[in-house]
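Chemist: Have a look at the structure that comes next, please.
The values are calculated or read from the model by the stated rules, or taken from the named source; none is laboratory data. Values in this document were obtained by computation on a predicted structure and should not be read as measured data. As a convention, Cβ positions derive from the backbone with ideal geometry for all residues, glycine included, and neighbour counts pool all protein chains shown.
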Amino acid sequence: MTAENPPAEVLLVYDRECPVCNAYCQVVRIRESVGQLRIVDARADSAVMDEITTAGLDIDQGMVLKMGERLYYGSDAIHALALVGTRFGVFNRLNYWAFRSQRVSRVLYPVLRAFRNLLLKLMGKTKINNLHKEGNERF
């Protein structure tokens, strides 16, 4: 990279209060050629959360990966992360192997999300409810 072409910023937006999501986001890595990964807490006000809400994406039902101007949501986000991720380390190799297929990602992601939602319900966490749906405050 040169000073004229700094690495692109890739944003990963998720609920930091979810311990499983937080652990995943702390260990996932992307290739340097793709850009620099910046983790964004969906519970904090940010321009990218405003963009996610405007796009009608329910952050309580899926993480968002923003690369360039494109938002990848839920299974598409985890699939894209697998494709741009490094293959270094056991976790990142497993992540690539599990989610490199879009079809497999679309099957596995809802199962993982259901376990996440159950965990947050058991922990007594509230939803982010970025779409401001009536009666949608609890898991």
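Chemist: Six or more apart or on different chains, Cβ atoms under 6 Å: show the pairs whose first residue is in region 85-109 and in contact (Cβ under 8 Å) with a residue 40 or more places away in the chain and farther than 19 Å from GLU32 by Cα and whose second is small (Gly, Ala, Ser) and surrounded by 13 or more Cβ atoms within 10 Å (Cβ to Cβ).
Modeler: Close Cβ pairs satisfying both conditions: TYR109/GLY74; TYR109/SER75.
Chemist: Here are some conditions: (1) over 28 Å from GLU134 (Cβ atoms); (2) touching a residue at least 40 places away in the same chain (Cβ under 8 Å); (3) touching a Gly at 6+ places or on another chain (Cβ under 7 Å); (4) not polar (S, T, N, Q). GLY62 meets all but one. Which one does it not meet?
Modeler: (1)
Chemist: Shifting gears a bit: Name the residue, out of GLU51, GLU32, that is of a type in the set (Asp, Glu), surrounded by 14 or more Cβ atoms within 10 Å (Cβ to Cβ) and either more than 14 Å from the chain's Cα centre (by Cα) or not in a strand (DSSP E or B) (or both).
Modeler: Step by step, each of GLU51, GLU32 is checked, and only GLU51 is of a type in the set (Asp, Glu), surrounded by 14 or more Cβ atoms within 10 Å (Cβ to Cβ) and either more than 14 Å from the chain's Cα centre (by Cα) or not in a strand (DSSP E or B) (or both).
Chemist: For a quick check of your reading: which helices (runs of 4 or more DSSP H) sit entirely within region 74-136 and have at least 2 residues that are aliphatic (A, V, I, L, M) and surrounded by 13 or more Cβ atoms within 10 Å (Cβ to Cβ)?
Modeler: Ranges flagged: 75-84, 102-122.
Chemist: Any residue in region 102-109 that is modelled with pLDDT of 95 or more, in contact with a strand residue (DSSP E or B) (Cβ under 6 Å, 6 or more places away or on another chain) and under 18 Å from VAL13 (Cα atoms)?
Modeler: No: region 102-109 contains no residue that is modelled with pLDDT of 95 or more, in contact with a strand residue (DSSP E or B) (Cβ under 6 Å, 6 or more places away or on another chain) and under 18 Å from VAL13 (Cα atoms).
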